[in-house]
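J.: Below is one structure. I have some questions about it.
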Amino acid sequence: MKFLRQFCIILFISFLGEILHVILPLPVPASVYGLILLFTALCTGILKLEQVNAAADFLIEIMPVMFLPAAVGLLDAWPALQPICIPVILITAITTIIVMAVTGRVTQHMIRRKNRRNQTTD
């Protein structure tokens, strides 16, 4: 029952994201609105992590399975993708490296900032 309740909370927040997507004239996907709402609710304490933790863990565990239909769809579209295959692979590789580098730098910055803050409070 706890699992069902947690899943319903996540679905309700996703529904609110869908409503925001219809109401606001911005080119933002409804799922992003839902993520922002969930993040805000968790950060402000409106929603406690324990209220959605088990269902969120389950959804993260099954996430790779959710990509299978999209991958099969790409295989069906192979004739259209074949002429642009090399540029797409290059762009994917380059952007992946850039995202990894930026993420690493930001993480290093945050760790150094936290260490400096801890040293000043000691």
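J.: How do the pairs read when you match residues in the range 52-70 that are within 12 Å of Ile9 (Cβ to Cβ) with residues anywhere that are of a type in the set (A, V, I, L, M, F, W, C), using Cβ under 7 Å and keeping only pairs 6 or more apart or on different chains?
T.: Here the result reads Val52/Ile9; Val52/Ile10; Ala54/Phe3; Ala55/Phe3; Ala55/Phe7; Ala55/Ile10; Ala56/Ile10, each pair linking the range 52-70 to a residue that is of a type in the set (A, V, I, L, M, F, W, C).
J.: Could you list, in sequence order, all residues of the range 18-67 that are aromatic (Phe, Trp, Tyr) and within 14 Å of Phe3 (Cβ to Cβ)?
T.: Phe58
J.: If you don't mind, there's one more thing I want to ask. Based on what the data block shows, is Ala93 modelled with pLDDT of 95 or more, open to solvent by less than 80 Å² (accessible area, probe 1.4 Å) and either under 24 Å from the mean Cα position of the chain (by Cα) or hydrophobic (A, V, I, L, M, F, W, C) (or both)? I'd like the intermediate steps shown before the answer.
T.: Details: modelled with pLDDT of 95 or more: yes; open to solvent by less than 80 Å² (accessible area, probe 1.4 Å): yes; either under 24 Å from the mean Cα position of the chain (by Cα) or hydrophobic (A, V, I, L, M, F, W, C) (or both): yes.
In short, yes.
J.: Can you list residue pairs whose Cβ atoms sit under 8 Å apart, with the first residue in the range 22-39 being modelled with pLDDT of 95 or more and the second being assigned to a loop (DSSP other than H, G, I, E, B)? Count only pairs 6 or more apart in sequence or on different chains.
T.: Here the result reads Tyr33/Leu24; Leu38/Leu47; Leu38/Val52, each pair linking the range 22-39 to a residue that is assigned to a loop (DSSP other than H, G, I, E, B).
J.: May I pose another question? What number of residues within the range 60-81 are of a type outside the set (Asp, Glu) and over 18 Å from Thr92 (Cβ atoms)?
T.: Number satisfying all stated conditions: 9.
J.: Read through the list (1) of a type in the set (A, V, I, L, M); (2) assigned to a helix (DSSP H, G or I); (3) surrounded by 10 or more Cβ atoms within 10 Å (Cβ to Cβ), then give the number of the only condition that Ile46 fails.
T.: Only one criterion in (1) of a type in the set (A, V, I, L, M); (2) assigned to a helix (DSSP H, G or I); (3) surrounded by 10 or more Cβ atoms within 10 Å (Cβ to Cβ) is unmet by Ile46, namely (2).
J.: Residues to consider are Val99, Val88; find the one that is assigned to a helix (DSSP H, G or I), modelled with pLDDT under 95 and either surrounded by 10 or more Cβ atoms within 10 Å (Cβ to Cβ) or of a type in the set (Lys, Arg) (or both).
T.: Val88
J.: Next question, about the same structure. How many residues, within the range 21-36, are closer than 21 Å to Val52 by Cα and open to solvent by less than 60 Å² (accessible area, probe 1.4 Å)?
T.: The qualifying residues number 4.
The values are calculated or read from the model by the stated rules, or taken from the named source; none is laboratory data. Keep in mind the model is a prediction, meaning the values are calculated, not measured. Virtual Cβ from ideal backbone geometry, glycine too; neighbours counted across all protein chains shown. Surface accessibility is based on the protein's heavy atoms, side chains included, excluding ligands, DNA and RNA. Shrake-Rupley method; radii C 1.70, N 1.55, O 1.52, S 1.80 Å.
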